[in-house]
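Let me begin by presenting the structure, written as structure tokens, before commenting on it.
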Amino acid sequence: MKTNVLGLPIEESEVIIVELNILLSNYQIYYQSLRGLHWNIRGRRFFDLHLKFEELYNDSQLKIDLIAERVLTLGGRPLHTFDDYIKFNQLPVGKNISNDEAGIQLVVTSLSQLLKIEREILSKASNINDEGTNSMMSDFIVEQEKTIWMMKAWLEESL
């Protein structure tokens, strides 16, 4: 079995690179949806949600950079065009959402889909002992599960 400079099998690492690029694409769409929510939210909860959406898009921007750097670390090239992002997107696109509940529901739905992608990456990375990718996915998953719980509590829904 051929390994890369990190000691990881090359073929399996290439699969993980593809999956990370899919995650990167979806994060870019999520980020843009969050920017739209931040700009367009209206109503009595404006101040709280305006800040919350800003917090979420800043966090997403950091995660986008971490994902791209992991792709590079594994020997790949991160996707960086809107054409690629749209091609690989699996998330709903938030367009002109100004209602608070609709905005929060978009966040929950988007994070749930991101979790599916991340768990798939985690599984594949675990199979080849790719602890760098595992650690990143685990950190993302823990944060997103908590955010979903908090958003659902805000919506007064149960998991």
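Each reported figure results from applying straightforward, stated rules to the coordinates on display, with no laboratory input. The structure displayed is predicted, hence computed values, not measured ones.
Key figures for this structure:
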{"item": "Acute angle (nearest 10 degrees) that the helix 131-154 long axis makes with the longest principal axis of the chain, alpha-carbon atoms", "result": "10 degrees"}
{"item": "Total lysine pairs whose alpha carbons fall under 22 Å of each other in the range 10-154 (8 or more apart, or interchain)", "result": "14"}
{"item": "Rounded to 10°, Cα long-axis angle of helix 46-73 versus longest principal axis of the chain", "result": "10 degrees"}
{"item": "Residue among Lys146, Lys52, Lys116 with the largest mean-square fluctuation in a Gaussian network model of the chain, springs linking Cα atoms under 10 Å", "result": "Lys146"}
{"item": "From phi via Karplus (6.51, -1.76, 1.60), per-residue ³J(HN,Hα) for the range 77-88 in Hz, x at Gly/Pro", "result": "10, x, 5, 8, 10, 5, 4, 5, 4, 5, 4, 9"}
{"item": "The range 1-134: relative contact order as a whole-number percent, Cα under 8 Å and 6+ apart", "result": "35 percent"}
{"item": "Degrees, to the nearest 10: 10-40 long Cα axis against longest axis of the chain", "result": "10 degrees"}
{"item": "Among Phe88, Phe47, Phe140: highest mean-square fluctuation, GNM of the chain, C-alpha pairs under 10 Å", "result": "Phe47"}
{"item": "Shape category assigned to the chain from the gyration tensor of Cα positions, a/c cut at 1.5", "result": "prolate"}
